[in-house]
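Encoded as structure tokens, the structure appears first; notes follow it.
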Amino acid sequence: MYFMGLNANLMSLAGIAISIGVLVDGAIVEVENAYNKIHHWDVGGRKESFYKIRLEALMEVGPGVFFSLLVIAVAFMPVFTLIDQEGRLFRPLAYSKNLAMAIAAVLAITLDPAMRMMFARIDPFLFKPRWLAKVADTLFIGQYHSEEKHPISAFLHRIYEPPCRFVLRHPWATIAASVLLFATTIPIYMKLGSEFMPPLREGTILYMPSAVQPGMSVAEAQKALQIQDKILMTFPEVERVFGKAGRADTSTDPAPFTMMETTIILKPEQQWRETPRWYSSWAPEWLKGMLRAFWRDKISEDDLKNEMDAALRLPGISNAWTMPIRGRLDMLSTGIRTPVGIKVSGADLAVIERTAKEIEAVVQKVPGTRSVYAERVAGGYFLDFVLKRDQLARYGLSVDDANTMVLTAVGGDNQSTAIMGRERYGINVRYARDYREDVQSLRRVLLPLPGGQGQIPLEEIAAVEMVQGPAMIRDENGLLAGYVYVDFDTSKTDVGSYVEQAKKAVAANVQLATGYNLVWSGQYENMLRVTERLKLIVPLTLALIFALLYMNTKSAMKASIVMLAVPFSAIGAVWLLWFLGYNISIAVWVGMIALMGLDAETGVFMLLFLDLSHDEAKKRGQLNNEKELIEAIIHGAVKRVRPKAMTVCAAMIGLLPIMWATGAGADLMKRIAAPMVGGLATSFLLELLVYPAVYFLWKRREFIKPALPDPAQA
């Protein structure tokens, strides 16, 4: 990361966080296999060298361990194909995760076995005092138990062997049950909502109201800002507010006076109002901290926004809520500052405005809508000075002279600069407000003639008129455009479901003129772009995993068996997402892609121990019928369940702290970790039950001899 110029931020550290439990999986499998081999060597009379046994143990599982960890890293490579916001956000996560897994894969077959070869021993220490030697034996050597006598293994064998024997007696029924279980997950997946990106809480709210009708004056904008700020400061969660109306002195901020921005700085969540929960009255503080991650006992930010929105229902003002950074990104990428926007495009601004108003009225009735605002693209107010050229000639004035006189008298002119330390303020001179606050007063404004020839009223050389026209002209794809901003509570309604409802309502009630079209934009536009990209990424990930598995196993059948873990894991991932109320988003899909690599790893380990047991039985001549095949599978599945359980538990333990996290970035990280947690659970359980059945059906063919031709028919 240092040489690549990546800094330590939320996403780069998140890549390490979701990998930390998996980094030790290779070492676990190698240690467990070495433990088993050393025990049998010790019981068998130590006929060969201790280091030879250690090397054999490493050679048995080393290639599988290396490829399983490498698959996790390579399976995440398609994340680098993400573009725009999602690409910039998740690329640091992909870099840190892939680098960590690649280094872990290399260390698993280099440093880790080398250190064990150097320091591992089986003979007890003989130095004195004896009590210290016994302590050293306990700490550095321990005892080598058989798989049947090890306390943890014995417990796992008791609960796993009966169901394993059952599925081997009924392999086809087991496979059918797993297929049915996967089929029941499809309706649940269809019920999940969809969104572009889960909320990344910034600790700040950006309130962006707009005046429905154009033409707001400076005084009215100032008054509206003051009222809004006073109302916002009544909320105990608010620390301070700062409002702005109009544009800054830069060409990159074209905001009119009708659009206001108020930045709301919130206090730390510990100081927010409490929301009583079922545990609030009796749970001690340490237990509340654990339960708070799933049942908040403070008012949520979404509820706070809803309360603020209800309090700020001012006449002629349409509200919109977002966060400063997210709002800027949304406006830069799509031009829409609300979760969803509708772009009306065509050739005539008047028709665009009329269509936008119709859409505003229809969408306002869609359930869940908080506010809708259609830009009045053709409703701006302008004060035109139409010069009378014959009068200009009479007074000997040019057009430039007249424009300069109007600009100086009405708009003012900087005559000097006031200096206050490092600050500079222009000294502007113009007529007082009483002389320019209405059209009649402006017409009577006296303009000086050049050369000190006297003064004339403005109406002598120009007609002052109030006219209407477009306040701002938008151009997209060669057509004029107007925007409709739609705000709704994304915590209660997902973007995908809301847009589908709104589309149906608009299609049924709004008739578009010929040559005009609608584009649904905002976060919905980003979501559609990501969906199209995922249609490439997900198949590419599966193809990469299968290719690596085939390179490792040299068998399409073995690679296919390992790939069964993908639908197994999808079951738990989907059900946990549904239980937690999470929507499908790019963060969830990143978690799914990471889960595919973990599936391959757990599947490789399961198949590895089945193959080792099968090959050992065949080498001993104990694989002559189906009964002996079943016993070999039982030995590979049941007797070696402890290392498989340890690898899954290590990965799970590394992910669970993320599910209990709170604070900035927690919502995003939970969406990445949730499918991995749920998927690992069901994938592990179904691998323990379905893999033996599938492996049995595959290997059973070795005992089915092809039918010989009948000599009588020859």
Looking at residue 378, is it of a type in the set (A, V, I, L, M) and under 30 Å from residue 482 (Cβ atoms)? yes
Please work out which residue is least open to solvent (accessible area, probe 1.4 Å), limiting yourself to region 285-327 and to residues that are over 26 Å from the mean Cα position of the chain (by Cα) and acidic (Asp, Glu). 309
(1) within 30 Å of residue 608 (Cα to Cα); (2) open to solvent by 40 Å² or more (accessible area, probe 1.4 Å): which one isn't true of residue 690, the others all being true? (2)
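Residues checked against (1) loosely packed, with under 12 Cβ neighbours inside 10 Å; (2) in contact (Cβ under 8 Å) with a residue 12 or more places away in the chain; (3) among the aromatic types (Phe, Trp, Tyr); (4) under 30 Å from residue 347 (Cβ atoms):
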site	(1), (2), (3), (4)
377	no, yes, no, yes
382	no, yes, yes, yes
409	no, yes, no, no
422	yes, no, no, no
435	no, no, yes, no
438	yes, no, no, no
446	no, yes, no, no
455	yes, no, no, no
Among residues of region 202-217, those that are surrounded by fewer than 19 Cβ atoms within 10 Å (Cβ to Cβ) and in a loop (DSSP other than H, G, I, E, B), counted: 6
So residue 247 passes all but one of these: (1) at pLDDT 80 or above; (2) open to solvent by 30 Å² or more (accessible area, probe 1.4 Å); (3) touching an Asp or Glu at 6+ places or on another chain (Cβ under 6 Å). Which condition number does it fail? (1)
Residues that are surrounded by fewer than 18 Cβ atoms within 10 Å (Cβ to Cβ) and touching a residue at least 24 places away in the same chain (Cβ under 8 Å), drawn from region 173-185: 175, 181, 182
Residue check: is residue 467 surrounded by 12 or more Cβ atoms within 10 Å (Cβ to Cβ) and either free of Cβ contacts under 8 Å to residues at least 12 places away in the same chain or among the β-branched types (Val, Ile, Thr) (or both)? no
Can you list residue pairs whose Cβ atoms sit under 8 Å apart, with the first residue in region 186-197 being of a type in the set (A, V, I, L, M) and assigned to a helix (DSSP H, G or I) and the second being modelled with pLDDT of 90 or more and surrounded by 14 or more Cβ atoms within 10 Å (Cβ to Cβ)? Count only pairs 6 or more apart in sequence or on different chains. 188/574; 188/575; 188/578
Selected residue (criterion: nearest to residue 93 (Cα to Cα)) from residues of region 555-611 that are outside any helix (DSSP H, G or I) and under 27 Å from the mean Cα position of the chain (by Cα): 585
Would you say residue 593 is of a type outside the set (Ser, Thr, Tyr), under 30 Å from residue 499 (Cα atoms) and buried (at least 23 other Cβ atoms within 10 Å of the Cβ)? yes
Can you tell me which residue is farthest from residue 23 (Cα to Cα) among those in region 76-90 that are touching a residue at least 24 places away in the same chain (Cβ under 8 Å) and within 13 Å of the chain's Cα centre (by Cα)? 85
Of all residues in region 109-122, which are closer than 20 Å to residue 71 by Cβ and at pLDDT 80 or above? 110
Go through the residues of region 295-314 one by one and say whether even a single one is more than 30 Å from residue 210 (Cα to Cα), modelled with pLDDT under 85 and hydrophobic (A, V, I, L, M, F, W, C). yes
Flag for residue 473 being open to solvent by 50 Å² or more (accessible area, probe 1.4 Å) and in contact with a helix residue (DSSP H, G or I) (Cβ under 8 Å, 6 or more places away or on another chain): yes
Looking only at helices (runs of 4 or more DSSP H) that fall completely inside region 377-488, which ones have 2 or more residues that are farther than 30 Å from residue 317 by Cβ and touching a Phe, Trp or Tyr at 6+ places or on another chain (Cβ under 9 Å)? 399-406
Among the residues of region 128-142, is there at least one that is open to solvent by 40 Å² or more (accessible area, probe 1.4 Å), assigned to a helix (DSSP H, G or I), at pLDDT 85 or above and out of contact with any Pro (no Cβ under 8 Å at 6 or more places or on another chain)? no
Please verify whether residue 641 is buried (at least 18 other Cβ atoms within 10 Å of the Cβ), closer than 30 Å to residue 171 by Cα and at pLDDT 85 or above, treating the condition exactly as stated. no
Of the residues in region 506-517, how many are under 15 Å from residue 357 (Cβ atoms), open to solvent by less than 70 Å² (accessible area, probe 1.4 Å) and not in a loop (DSSP other than H, G, I, E, B)? 1
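The values are calculated or read from the model by the stated rules, or taken from the named source; none is laboratory data. Keep in mind that this is a model prediction, so the values were computed, not measured. Every residue, glycine as well, gets a Cβ built from its backbone with ideal geometry; the counts of neighbours run over all protein chains shown. Please note that ligands, DNA and RNA were not included when accessible areas were found on the heavy atoms of the full protein model with its side chains. Shrake-Rupley method; radii C 1.70, N 1.55, O 1.52, S 1.80 Å.
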